[in-house]
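Here is the structure we will look at, set down as structure tokens.
The values are calculated or read from the model by the stated rules, or taken from the named source; none is laboratory data. From a predicted model like this one, the values you see are computed outputs, not experimental measurements. Don't worry about glycine lacking a Cβ; one is built from the backbone with ideal geometry, like all the others, and counts go over all protein chains shown.
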Amino acid sequence: MKLTRRIFMKLTTSAIALTAGLSTAFAGEMPAPFDNPGEVKIALVRYLSTGDFFQAYLSGVESQAAAIGVDLRIFDSRQDAALQADMVDQAIAIGVDGIIVQHGLTESMQDAVQRALDAGIKVVAFDVNVENDAVPQVEQSDYLLGKLALEQAIIDNGDTWKAGYVYVAGIAPLDRRDVAWQDVKTANPGIEELAMFGTLDNPIANSVANQARSVLQANPEITVMFAPYDEFAKGVKIAVDEAGMTDQVDIYSADVSTADISAMREPGSAWAATVATNPAVVGEVSVRTLAMLLAGEDPGHNVVVPPTLITQAFLNDNDIKNMSDLSANMPQFAHADVSVPAWMPLPSR
């Protein structure tokens with residue numbers, strides 16, 4: 001019995017040592033500069049931050065940054081293009097190793113990003129085209145976001161209808177979604193655009209609602225609203241509800257949040273479908289892409305997170321109440337196998 005106990009203790013001790021060794025080995029597999037936790041400093045420089053999408057995106061950035069042990073600094077320009085460029089310079093000045101530029105205008109970001117690159121800082125851009133081959137572009141396949149939503153609109157309404165369109169030019173994801181809108185209109189001449197409107201003035205949903213009220217009053221024959229950003233869709237829904245036109249107008253959008261799911265599932269809601277990626281997952285992908293650059297790896301120039309069509313019927317049929325329910329019912333929504341090298345630790349799920 002003594003012998004058995006001693007053998008048992010030896011085996012237990014060996015197992016503990018092996019486990020510790022494996023943990024050390026895993027930590028050792030983290031490439032430079034991530035082999036020194038906390039030594040890497042990155043910045044997120046934001047142009048847009050209003051709305052559920054951007055809060056979820058930020059949470060994804062924060063969780064992935066924590067998983068790889070980097071020091072994350074957040075700069076929020078609140079849709080001030082000049083301030084966003086200044087914030088890139090601030091990030092350079094504090095000596096960050098990498099920068100994620102989240103949205104913005106090409107003309108204001110090009111020179112600022114080049115200054116960062118000249119300082120030896122790696123840069124990743126999410127939904128802003130800085131027109132620089134050295135900067136990977138993380139995107140949601142915005143063309144597909146628009147195209148899938150419009151294809152659902154045609155399934156629901158046929159190929160002949162009068163539309164309102166919410167659009168603000170100069171914002172990269174909206175510009176890419178606009179290409180889908182133009183292509184669908186060209187392929188379906190029965191679709192007639194009666195009004196185009198849009199604003200990014202805060203609060204965005206309320207500002208768009210004010211515009212949509214006038215558009216619906218002037219064009220009561222509109223039956224489809226294409227609002228390819230969920231804050232736009234919220235604003236249009238406010239106006240449609242107030243006008244008592246929920247039975248007449250269908251809204252098709254892009255992006256999703258728990259608040260959007262609630263709005264889509266309201267009895268008689270005009271919000272028929274949206275196409276989205278999980279914004280938290282996109283935030284995670286943005287950090288992983290930057291981490292690959294810092295580790296000397298090539299993530300590719302276009303880093304695309306594939307989108308998913310989400311209809312009102314799907315939400316109701318599966319009793320989906322929030323983003324967690326959506327992820328549970330759509331595994332492809334919960335994680336994107338994008339920018340995931342073997343050494344990359346992922347956030348806990």
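Taking the criterion of being in a loop (DSSP other than H, G, I, E, B) and among the aliphatic types (A, V, I, L, M), the residues of region 103-137 that qualify are LEU105, ALA119, ILE121, VAL128, VAL130, ALA134, VAL135. Only one of the listed residues (ALA91, ALA66) is surrounded by fewer than 22 Cβ atoms within 10 Å (Cβ to Cβ) and either of a type in the set (A, V, I, L, M, F, W, C) or within 19 Å of VAL130 (Cα to Cα) (or both). That residue is ALA66. Annotation note: Cβ proximity below 6 Å between a residue of region 83-100 that is over 21 Å from GLY296 (Cβ atoms) and assigned by TED's automatic domain parsing to the domain that holds GLY296 and a residue that is aromatic (Phe, Trp, Tyr) and surrounded by fewer than 24 Cβ atoms within 10 Å (Cβ to Cβ) (sequence gap 6+ or interchain) occurs for MET87/PHE75. Given ASN157, ASN202, which one is touching a residue at least 12 places away in the same chain (Cβ under 8 Å) and under 21 Å from the mean Cα position of the chain (by Cα)? From the options ASN157, ASN202, the qualifying one is ASN202. Consider region 162-180 and keep the residues that are under 26 Å from GLN217 (Cα atoms) and surrounded by fewer than 17 Cβ atoms within 10 Å (Cβ to Cβ). The one that is nearest to the chain's Cα centre (by Cα) is ALA169.
For region 162-174, the count of residues that are over 29 Å from PHE333 (Cβ atoms) and touching a strand residue (DSSP E or B) at 6+ places or on another chain (Cβ under 7 Å) is at least one.
Going residue by residue through region 158-166, is there one that turns out to be among the polar types (S, T, N, Q) and either within 28 Å of SER207 (Cα to Cα) or modelled with pLDDT under 95 (or both)? Among the residues of region 158-166, not one is among the polar types (S, T, N, Q) and either within 28 Å of SER207 (Cα to Cα) or modelled with pLDDT under 95 (or both), which makes the answer no. Considering only residues that are on the phi < 0 side of the Ramachandran plot and out of contact with any strand residue (DSSP E or B) (no Cβ under 8 Å at 6 or more places or on another chain), look in region 264-277 and name the one that is surrounded by the fewest Cβ atoms within 10 Å (Cβ to Cβ). Of everything passing the filter in region 264-277, PRO267 is surrounded by the fewest Cβ atoms within 10 Å (Cβ to Cβ).
Entry remark, region 107-142: residues being hydroxyl-bearing (Ser, Thr, Tyr) and either modelled with pLDDT of 95 or more or farther than 20 Å from HIS301 by Cβ (or both) number 1 in total.
Could you grab me the full set of residues in region 231-261 that are acidic (Asp, Glu) and touching a Ser or Thr at 6+ places or on another chain (Cβ under 9 Å)? Scanning region 231-261 gives GLU231, ASP241, ASP250, ASP255, ASP260. If you filter region 7-55 down to residues that are polar (S, T, N, Q) and assigned to a helix (DSSP H, G or I), you find that the one that is modelled with the highest pLDDT is GLN55.
Yes/no per residue for (1) among the hydrophobic types (A, V, I, L, M, F, W, C); (2) surrounded by fewer than 23 Cβ atoms within 10 Å (Cβ to Cβ); (3) free of Cβ contacts under 8 Å to residues at least 40 places away in the same chain:
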| position | (1), (2), (3) |
| --- | --- |
| SER262 | no, yes, no |
| PRO279 | no, no, no |
| VAL285 | yes, no, no |
| ARG288 | no, no, no |
| GLY296 | no, yes, no |
| ILE320 | yes, yes, no |
| PRO331 | no, yes, yes |
| VAL338 | yes, yes, no |
| SER348 | no, yes, no |
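In region 138-153, the condition of being outside any strand (DSSP E or B) and of a type in the set (Val, Ile, Thr) is met by no residue. Restricting attention to region 295-310 and to residues that are under 15 Å from the mean Cα position of the chain (by Cα) and hydrophobic (A, V, I, L, M, F, W, C), the residue that is nearest to LEU150 (Cα to Cα) turns out to be LEU309. Restricting ASP183, ASP133, ASP159, ASP201 to residues that are charged (D, E, K, R) and either surrounded by 15 or more Cβ atoms within 10 Å (Cβ to Cβ) or closer than 22 Å to ALA112 by Cβ (or both) narrows the list to ASP133.
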